[in-house]
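These notes concern the structure reproduced below.
The values are calculated or read from the model by the stated rules, or taken from the named source; none is laboratory data. These numbers come from a predicted model, not from an experiment. FYI the Cβ positions are ideal-geometry reconstructions off the backbone, even for glycines, and counts take in every protein chain you see. These area figures cover heavy atoms from the full protein model, side chains too; ligands, DNA and RNA do not enter into them. Shrake-Rupley method; radii C 1.70, N 1.55, O 1.52, S 1.80 Å.
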Amino acid sequence: MKTGPWSVGRSAWVLLAACAASGATAAQPDRPLHRFLAVALSPDASRVASVEGDAPPSGGLPTVRALVIRRTDGSGASSVPLACGVAPQCWPSSPIWTPDGRRVAFALRAPGSHARSIWSVDADGGDARKLLDFDGTIVELRYDRTGRLSMLATQGAVKEVGATEAGAPVTGDLSGPPPEQRIAVLNGDALTYVSPPNLYVYQYDATPGGDFVGTAAPGDGDNQWWVARLYAFSGGQARPIYTPTNPRQQIADPRLSPDGRTVVFIGGLMSDFGSTGGDVYRVDVAGGRAIDLTPGMKASATALGWRCDGGLLARLLAGDGTRIVRIPPAGGAPELVWSGQQSLSGDGAGLSPACPSETTATVRESFAEPPEIEVGAIGGWKDLTAANAGLTLDGRATSLTWKSDGLTVQGWLLTPKPAAGSPVGMLPLIVQVHGGPAAASTPSFAGVGLTQVLLDHGYAVLRPNPRGSFGQGEAFTLGNVRDLGHGDLRDILAGVDAAERTAPIDERRLGITGGSYGGFMTMWAVTQTRRFKAGVAAAGISDWLSYYGENGIDQWLFPYFGASVYADPAVYARSSPLAFIDHVKTPVFAYVGADDIECPAPQTQEFHHALAELGVPTAMAIYPGEGHGLRDPAHMADAERRTLEWFDRYLK
């Protein structure tokens, strides 16, 4: 738009002061999954710089991260020594090569603060030089053709960038202007700001002439992205290029053409900054009408980039697979370049390019194949790393499609690997609903974390992509507008029917779980049907009416509900679990981060309180210091253990 087991029926909530760092109950791989968070290919394609580290046993992002530079011929790799050593939150980020390929610049977070410094090292990781100390956050380092280093910088930041991060304390005088993220250029050992002080800039690109374009909005950056406009920036001034006229269109990933005359971007209904999907648009930098280059496309563009020859590339989510396509400059049918049931990540259409060689670097993974860095021409990639060799999904992933209300809906069914020589019995099924609503379950490695734990314990897992998800075009993504929880729940229940036709699923042992939108759908589903015998809701929404005044991102609600809660309370009440709470008989465990500003803790407390008063088995955990989604490995392990115990109690 994250202690001991409870006894059956216990009704209580706990604010955890500390959690034991216990591992998952199920068998885990012999070594942790290695994650690659950023990759940057040098201009001559001879080296790749990457930020990487080992993920915690319960999944999530690495708590210790390294900057590594590898030769693409496989002849060597160097881990760059960091000024703050090897420690949690000593995090390098945003590696970028100088135009001549001789050095790599990167931002470095100081542990225990929001402060950043910028460093530069040579191509082999040596000769470290500090370029800047800064009291605030820095993201998206870029070099332009003249060698200037630009970035997005927030002076005096009170939290990390993004609404999913833990919120700042809600205390004191809150009436002053919030810190704004601005485009800045490094001038000697100081920053010169290019964008004005009253605009929060979300994403940007540099023109050949030294100016910039970007998406921005005034006010609180966590809350205003849904009304962002496209601007040109020069000399501290902003000139509007494009303003969406449809409130159900957000804009993301602006990319300047090589000649600097036009901007392409992704436009569509998006429920969270960073969860990108929609059609591809083009507009002149001088301004004017934006042209939809992919109208009616039965897929969602998720990232854009330019080829060395000036051609426009887009990464698409199309049904159950990823595609790389070339977009004709005047519009028309996209030309397929590559496709697969895999995920690709890297700068520029999911690929980090080197010109003029057309070599690319990417991180590729699937449900069964763990991530590795790969280098080569598009579709001709070769593994550069083997950090996760031998890790695999202990189970099977199958793409399913089914019909619901005349729509074709897609999802993934994951089933456990049967024990050797044992007959396949009837399987309990857990439905995992993705966040969003505008997002999707995609082919990313599932051999660690909760999914693998559930498979190890004999559960099948269904990951549906109901209406409102990316992957089937804008009309499908708009399918749950002013209808949250209704048509999308019918899609999910039809998906359970499809799973039961495909695998030996025990209808008497169905569970449901999810976080954010998935947490809401868990709370909602148990008020609408008794098919599910247990639920686990993470960071859910129980009452849209009270939620409107509690959260820190109320702008996202207008595109989905069409009005504020004060103007049209009925449409919010129609989708509120608490309005139907007396229907619930399903036991539900709910948890949330104490500092979640997207789905605040009171929403979980309200739901738990209602179930407790009605005598429905329930439990609750609130994790300190956490935002929208858990980051602390101890908290993640605790929530995973509680989730498994809850499902085992009611489905086994």
Note on the stretch 338-364: residues part of a strand (DSSP E or B), open to solvent by 20 Å² or more (accessible area, probe 1.4 Å) and under 17 Å from Thr276 (Cα atoms) are Ser343, Ser345
Asp497 fails exactly one of (1) over 22 Å from the mean Cα position of the chain (by Cα); (2) surrounded by 24 or more Cβ atoms within 10 Å (Cβ to Cβ); (3) not hydrophobic (A, V, I, L, M, F, W, C), namely (2)
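Do you know which residues across the stretch 23-42 are modelled with pLDDT under 95 and open to solvent by 40 Å² or more (accessible area, probe 1.4 Å)? If you could, list the steps in order and put the result at the bottom.
Kept after step one, since they are modelled with pLDDT under 95, are these residues of the stretch 23-42: 23-32.
Once the filter is applied, which keeps residues that are modelled with pLDDT under 95 and open to solvent by 40 Å² or more (accessible area, probe 1.4 Å), the stretch 23-42 yields Gly23, Thr25, Ala27, Gln28, Pro29, Asp30, Arg31, Pro32.
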Quick check on Ala217: is it under 15 Å from Phe273 (Cβ atoms), out of contact with any Ser or Thr (no Cβ under 6 Å at 6 or more places or on another chain) and at pLDDT 95 or above? yes
Glu335 vs (1) over 30 Å from Cys599 (Cβ atoms); (2) open to solvent by less than 20 Å² (accessible area, probe 1.4 Å): all pass except (2)
Residue hits (the stretch 526-557; among the small types (Gly, Ala, Ser), surrounded by fewer than 24 Cβ atoms within 10 Å (Cβ to Cβ) and farther than 25 Å from Gly162 by Cα) are none
Reported set for the stretch 271-289 where residues are open to solvent by 10 Å² or more (accessible area, probe 1.4 Å) and assigned to a loop (DSSP other than H, G, I, E, B) is Phe273, Gly274, Thr276, Val285, Ala286, Gly287, Gly288, Arg289
Within the stretch 107-133, residues being open to solvent by 20 Å² or more (accessible area, probe 1.4 Å) and in a strand (DSSP E or B) number 8
So, first residue more than 25 Å from Gln452 (Cβ to Cβ) in the stretch 43-68, second residue surrounded by fewer than 21 Cβ atoms within 10 Å (Cβ to Cβ) and of a type in the set (Asp, Glu), Cβ within less than 8 Å, six or more apart or across chains; the pairs are Pro43/Asp100; Ser46/Asp73
Exactly one of Thr146, Thr154, Thr164, Thr171 is open to solvent by less than 20 Å² (accessible area, probe 1.4 Å) and among the hydroxyl-bearing types (Ser, Thr, Tyr), and that residue is Thr154
Per the list (1) open to solvent by 30 Å² or more (accessible area, probe 1.4 Å); (2) of a type outside the set (S, T, N, Q); (3) at pLDDT 95 or above, residue check on Trp381 breaks on (1)
In the stretch 94-109, anything touching a Lys or Arg at 6+ places or on another chain (Cβ under 7 Å) and of a type outside the set (Lys, Arg) is listed as Ile96, Pro99, Ala107, Leu108
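Residue-wise test of (1) assigned to a loop (DSSP other than H, G, I, E, B); (2) open to solvent by 40 Å² or more (accessible area, probe 1.4 Å); (3) in contact with a Lys or Arg (Cβ under 9 Å, 6 or more places away or on another chain); (4) of a type in the set (Val, Ile, Thr).
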residue: Pro57; (1), (2), (3), (4): yes, yes, no, no
residue: Thr63; (1), (2), (3), (4): yes, yes, yes, yes
residue: Val68; (1), (2), (3), (4): no, no, no, yes
residue: Asp73; (1), (2), (3), (4): yes, yes, no, no
residue: Pro81; (1), (2), (3), (4): yes, yes, no, no
residue: Ala87; (1), (2), (3), (4): yes, no, no, no
For strands (runs of 3 or more DSSP E) lying entirely in the stretch 230-270, having 3 or more residues that are over 21 Å from Gln555 (Cα atoms) and open to solvent by 30 Å² or more (accessible area, probe 1.4 Å) picks out 237-242
Might you let me know whether the stretch 444-452 holds any residue that is more than 19 Å from the chain's Cα centre (by Cα) and open to solvent by 20 Å² or more (accessible area, probe 1.4 Å)?
no
Cβ pairs under 7 Å, 6+ apart or interchain, first in the stretch 312-323 and assigned to a loop (DSSP other than H, G, I, E, B), second modelled with pLDDT of 95 or more, ordered by first then second residue, are Gly319/Gln410; Gly319/Gly471; Gly319/Gln472; Asp320/Gln341; Asp320/Ser399; Asp320/Gln410
Out of (1) within 24 Å of Phe273 (Cα to Cα); (2) in contact with a helix residue (DSSP H, G or I) (Cβ under 7 Å, 6 or more places away or on another chain); (3) open to solvent by 10 Å² or more (accessible area, probe 1.4 Å), the one Gly468 does not meet is (3)
* For the stretch 198-218, state whether one or more residues are touching a Leu at 6+ places or on another chain (Cβ under 7 Å), small (Gly, Ala, Ser) and over 24 Å from Val283 (Cα atoms). => no
Gly101 passes all but one of the listed conditions (1) open to solvent by less than 40 Å² (accessible area, probe 1.4 Å); (2) outside any strand (DSSP E or B); (3) on the phi < 0 side of the Ramachandran plot; (4) not acidic (Asp, Glu); the exception is number (3)
